[in-house]
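Notes to accompany the following structure.
Read-outs throughout are calculated quantities, based only on the coordinates presented, and are distinct from any laboratory measurement. Small disclaimer: the values here were computed from a predicted structure and weren't measured. No Cβ is skipped: glycine too gets one built from the backbone with ideal geometry, and neighbour counts run over all protein chains shown.
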Amino acid sequence: MTITVYGIKACSTMKKAFTKLDEMGVAYEFHDYKQQGVDKDSVQRWVDTLGIAKVLNKRGTTWRKLTDEQKAAADASVDTAIDLLVENTSMIKRPIVEGKYKGKDILLCGFDDAEFTEAFV
């Protein structure tokens, strides 16, 4: 498995991640889930590993546009939250970086310069 960067091309946080990976010479594939969507198994895997609080972006406009009932349902059930993430990919924190690098499994959510540096040494 190679490194795959999941997200939205125009996002400023994504641009930071692309720049960092390029500077470190890390080859990656980009998966634009705005254009290509994302499958439930991937979102489930991310949530199982990182937790729903890390993967679900409650600060964005997409979350704020949900009805109170949808928000309550997502807060009450991780399965419901995952379904909402698959339907509304803008609510997934960006980027998600996943794959194998130099024999180690990588799964990062969001951009943290130090975390990227540590993961890709």
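The table for this structure:
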item	result
Candidate lysines - alpha carbon under 16 Å from LYS34, same-chain residues fewer than 8 apart omitted	LYS9, LYS15, LYS93
Counted charge near GLN44, where neighbours are those whose Cβ lies closer than 11 Å (Asp, Glu -1; Lys, Arg +1)	-3
Ordering of 66-79, 86-99 by burial proxy (mean other Cβ atoms within 10 Å per residue, highest first)	86-99, 66-79
Within a Gaussian network of the chain (alpha carbon springs, distance under 10 Å), most fluctuating of LYS20, LYS34, LYS104	LYS104
Summed side-chain charge close to LYS58 - residues other than LYS58 whose Cβ falls under 9 Å, Lys, Arg +1, Asp, Glu -1	+3
Contact order relative to length of the chain, as percent, for alpha carbon pairs under 8 angstrom and 6 or more apart	35
MRE, 222 nm, helices only [DSSP H, n ≥ 4, -39500 (n - 2.57), over the chain, to nearest 500]	-14000 deg cm²/dmol
Computed E for SER90/THR2 - FRET, C-beta separation, R0 41 angstrom, nearest 0.05	0.95
Proximal aspartates and glutamates relative to LYS71, as straight alpha-carbon distance under 16 Å, when same-chain residues fewer than 8 apart are discounted	ASP79, ASP83, GLU87
For ARG94, net neighbour charge (Lys/Arg +1, Asp/Glu -1) across residues whose Cβ lies under 11 Å away	+4
Charge-dipole axis of the chain as Lys and Arg at +1 and Asp and Glu at -1 on Cβ define it, positive-most pick from GLN70, ALA10, ILE92	ALA10
Gain in span if fully extended, LYS104 to LYS16, counting 0.36 nm per residue against the direct Cα distance	29.4 nm
